[in-house]
Structures are given as structure tokens and as C-alpha cells.
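The values are calculated or read from the model by the stated rules, or taken from the named source; none is laboratory data. No experiment lies behind these values; they were computed from the predicted model shown. With ideal geometry, Cβ positions are generated from the backbone for all residues, glycine too; neighbour counts draw on all protein chains shown. These accessible areas exclude ligands, DNA and RNA; they are computed on the full protein's heavy atoms, side chains included. Shrake-Rupley method; radii C 1.70, N 1.55, O 1.52, S 1.80 Å.
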Amino acid sequence: MPLTFHWFLPTNGDSRHVVGGGHGTPAGSSGRDRPPTVAYLSQIARAAEDLGFVGALTPTGAWCEDAWLTTAMVSRHTERLKFLVAFRPGFVSPTLAAQMASTFQRQTGGRLLLNVVTGGESHEQRAYGDFLDKDDRYRRTGEFLQIVRELWHGKTVDLTGEHLQVEGATLARVPDPVPTVYFGGSSPVAGEIAARHADVYLTWGEPPAAVAEKIAWIRRLAARQGRTLRFGIRLHVITRDTSEQAWAEAGRLLDGFDPEAVDAVQAGLARSESEGQRRMLALHGGSRDDLEIHPNLWAGIGLVRGGAGTALVGSHTEVAERIVEYHRLGIDEFVLSGYPHLEEAYWFGEGVLPELEHQGLWTHPFRDAARVRPTAQVPFAAPAGPRRN
């Protein structure tokens, strides 16, 4: 199966420095360097589309702009790029969510993908009026996805569950195509829900041995349900013409981490109930030492950012080699990002993707169409605003 690559829309702001946020921690002040305007996010989205990324992940949480509204607006400035919209099932009714997805598909020509985020921080969930504990949130997610999937397939749904209840639920128009459901989680209950309802299981960028164990675990659970899932991984990237240049950039980012900010972020993330976040924290232990935890896999991002905390760092050839290493384990989809997101999209798209194409592992999904529409020649064009040196 050819590899699929997705990029990231930084709806919490962008910068030449790492922008924090996520998992209960606020977005860092550097997010003001490039505010998440529709104009700037559309610039990133068009670059990703032209370079050959299939979709773009948009995060969810109190620390960023709303994913549904933002992607709906950005979709008007793109033609083929899909939007991997992260959303939390506990914040909206399943029938309304199914209707929203159906509308999005029709209005964008089938360009919606859904990243289901159950929520690992009870204090943040309570701010939105959700007072279930973590395991119950996952069980509710299972009921939610059961209802949504049946609605998408044109069924009338009556369900009285432990957490959700609908009666006579139906859609006037079903989505075409039905959105692909992406789902992640490292706890036992998360694995059960993923095996039953997900199309693509997403993991954060742990070392290959740990990823292999997680893939085998989910495959066993899915087989018990008579299902087969695809697998994806969420990583940052720092790729340059030479390894020395890439590691120099990683060092520049690390030098910009204020020690007090690192301590504050780590204290906030330590409250997380997410098993995946716990595994991310264990990769660096809050220390700046020994951050290369596997060849070309750097855990430095996780010092100041919640969620995905590792980056592939190296020459274009080295980064391609690590991607092939993960692919051999069973990973077919890569959800990537880098700071700043506009420039790093070009570094990866013009450096690594041709390497993978040469090996027969990737083809540009929009090549013929991209030749028709001229690529915006904008290596750097940030909106006006305060900048940090």
C-alpha cells in the first residue's frame, strides 16, 4: 500500500519556535508570532496540497481555535486537501455530529476525515461541562460512534446506552463518502473502542519497538471483532539537506526553551490522565539530556508541548529511512508537523517525499491537478505581528 502523508494546521498559532499547548496546558506566547488567521492557515493548506499531502490534521481543545469552523473556512481556499478534524464526542450529540459530518462532506466534495479525541484531562473536560471519568468517557465514545456509524449508513437509530440515548434518530441525507474515522489511545479501554469502531488507529511517535507492540495489541483486539484496521503515526519533522543542518535546527529550538517554562509545562502535563501522554513524558523525563531516543527520533518537542512530543530529525535520506522503518512495522499513514509549519512543509515535501517516490513507496496524489494550478511561490510570508528573535 502506498504511503499516505498528512500535514498539520496550527490553529493555536505558529512560530519559528515551538508553540506549546495541549493536554491541559495553555498555548505558548510564541503562537502570537503568526496568528492562526484563515489567510495564514490557508497558505499552509495550499502548500500541503501542492506538495502531495492528502490531508491536514486540525487539533481540538481550549488552547486552539475550533476545528470544525476553521476547516470549513479554510476548505474554501483549497481544492483537494482533506481535513482531519479532531473532535470530542462528549461535547455534541451524536445525531448532530453525524449531520455536521454529512454537511461537511457535501459542501467540500468529500474532504472530511474525523479524528475522535475522547479527552484525557478531566479538569479540561469539566470546563466544557463533562464530568465523566476517563474510562466512562471512552465507553461513551463507543456508544457515540455506534450511533454515528449507523446514521451514516442510512439507518434509523434507537439506542438506550449507559451514557447516550437517542430515539428515532435519522439523517435526511447520508454522507458520501462516509468519513474515515481515526482514533488513538493507549489504555485498555481505548484499545477496545478503537478495535470496535476505528478505521485508522493513530499512535504518537514512540520508538519502533514500542510502536510494534502497540500495533500487535490493536491487531489482536480487532481480530476478535472480525475487523482489520490501518495504522498511522503522529510525528514532528526537522529535515534538511544534511544531518548536521537538521540537528543544528533541533539545537536552536532546544536553546529557545526557557527552563521555567519547561518546568511549568511538565508540571501541567503530569496531571494528565492520558496513558499516551504518560508514555510521551517517560521518553525524556523532563531532562534535556539524551533526547535522541532512537536514531533520528528526538524527544525534545515534548519538553514544552503536550500530545505528540517527538520529531524525526536528520537529512532527507535519514528521515526517509526512519519512515520506511515504521512502514515495515505496519504504519501506512503519517501525520506530520514542524515549526514553522509553512516552511517545514516545503522542507519535507521537496526533500523527503522525492526519496520515498524513488523507492516506489509514494506517489503524488494530485500531481496532474497540481500542474494545472500554479503553486504559490511563498517560501515565507507571515502576517504582520510581533516576532521573537
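Which ones in the range 132-170 are in a loop (DSSP other than H, G, I, E, B) and either over 22 Å from Glu192 (Cα atoms) or open to solvent by less than 80 Å² (accessible area, probe 1.4 Å) (or both)? I'd like the intermediate steps shown before the answer.
Of the range 132-170, the ones in a loop (DSSP other than H, G, I, E, B) are 132-133, 153-156, 161-164, 170.
Within the range 132-170, Leu132, His153, Gly154, Lys155, Thr156, Gly161, His163, Leu164, Thr170 qualify.
Can you tell me which residues in the range 174-191 are outside any loop (DSSP other than H, G, I, E, B) and either crowded, with 18+ Cβ neighbours inside 10 Å or within 19 Å of the chain's Cα centre (by Cα) (or both)? I'd like the intermediate steps shown before the answer.
First, pick out the residues of the range 174-191 that are outside any loop (DSSP other than H, G, I, E, B): 180-184, 188-191.
Within the range 174-191, Thr180, Val181, Tyr182, Phe183, Gly184, Val189, Ala190, Gly191 meet the criteria.
Taking the residues in the range 105-123 that are out of contact with any strand residue (DSSP E or B) (no Cβ under 8 Å at 6 or more places or on another chain) and buried (at least 20 other Cβ atoms within 10 Å of the Cβ) as candidates, determine which candidate is modelled with the lowest pLDDT.
Of everything passing the filter in the range 105-123, Gly120 is modelled with the lowest pLDDT.
Just to be sure, is Pro26 touching a residue at least 24 places away in the same chain (Cβ under 8 Å), touching an Asp or Glu at 6+ places or on another chain (Cβ under 6 Å), open to solvent by 10 Å² or more (accessible area, probe 1.4 Å) and not aliphatic (A, V, I, L, M)? Give the steps one after another, and end with the answer.
Numbers: touching a residue at least 24 places away in the same chain (Cβ under 8 Å): yes; touching an Asp or Glu at 6+ places or on another chain (Cβ under 6 Å): no; open to solvent by 10 Å² or more (accessible area, probe 1.4 Å): yes; not aliphatic (A, V, I, L, M): yes.
Answer is no for this residue.
Return a yes/no flag: does the range 214-230 have any residue that is in contact (Cβ under 8 Å) with a residue 40 or more places away in the chain, in contact with a helix residue (DSSP H, G or I) (Cβ under 8 Å, 6 or more places away or on another chain) and open to solvent by 10 Å² or more (accessible area, probe 1.4 Å).
No, the conditions are met nowhere in the range 214-230.
One residue is enough: does the range 260-276 have a residue meeting the conditions open to solvent by 70 Å² or more (accessible area, probe 1.4 Å), closer than 30 Å to Leu114 by Cβ and in a strand (DSSP E or B)?
no
When you scan the range 84-101, do you find a residue that is in a helix (DSSP H, G or I), small (Gly, Ala, Ser) and at pLDDT below 95, even just one?
Scanning the range 84-101 turns up at least one residue that is in a helix (DSSP H, G or I), small (Gly, Ala, Ser) and at pLDDT below 95.
Filter the range 1-19 down to the residues that are outside any loop (DSSP other than H, G, I, E, B) and under 15 Å from the mean Cα position of the chain (by Cα) and list them by number.
Of the residues in the range 1-19, the ones outside any loop (DSSP other than H, G, I, E, B) are 4-8, 14.
Answer for the range 1-19, where residues must be outside any loop (DSSP other than H, G, I, E, B) and under 15 Å from the mean Cα position of the chain (by Cα): Thr4, Phe5, His6, Trp7, Phe8.
Which of the residues spanning the range 328-369 are open to solvent by less than 10 Å² (accessible area, probe 1.4 Å) and at pLDDT below 95?
Selection gives nothing.
Return a yes/no flag: does the range 375-383 have any residue that is among the β-branched types (Val, Ile, Thr), modelled with pLDDT under 95 and open to solvent by 10 Å² or more (accessible area, probe 1.4 Å).
Checking the range 375-383: at least one residue is among the β-branched types (Val, Ile, Thr), modelled with pLDDT under 95 and open to solvent by 10 Å² or more (accessible area, probe 1.4 Å).
Identify the residue in the range 292-314 that is farther than 24 Å from Pro10 by Cα and without any contact (Cβ under 8 Å) to a residue 40 or more places away in the chain and, among all such residues, is most open to solvent (accessible area, probe 1.4 Å).
Initial filter on the range 292-314 (farther than 24 Å from Pro10 by Cα): 292-295.
Retained after the next criterion (residues that are without any contact (Cβ under 8 Å) to a residue 40 or more places away in the chain): 292, 295.
Values: Glu292: 98, Pro295: 72 Å².
Among those residues, the one meeting the criterion is Glu292.
Do we have Ser42 as surrounded by 21 or more Cβ atoms within 10 Å (Cβ to Cβ) and either of a type outside the set (Phe, Trp, Tyr) or part of a loop (DSSP other than H, G, I, E, B) (or both) here?
No; evaluated as a whole, the condition is false for this residue.
In the range 45-72, which residues are open to solvent by 30 Å² or more (accessible area, probe 1.4 Å), in contact with a helix residue (DSSP H, G or I) (Cβ under 7 Å, 6 or more places away or on another chain) and under 22 Å from Gly306 (Cα atoms)?
Listed by number, the residues that qualify are Thr60, Ala62, Trp68.
Among the numbered criteria (1) within 18 Å of the chain's Cα centre (by Cα); (2) open to solvent by less than 10 Å² (accessible area, probe 1.4 Å), which one does Ala98 miss?
The one condition Ala98 does not meet is (1).
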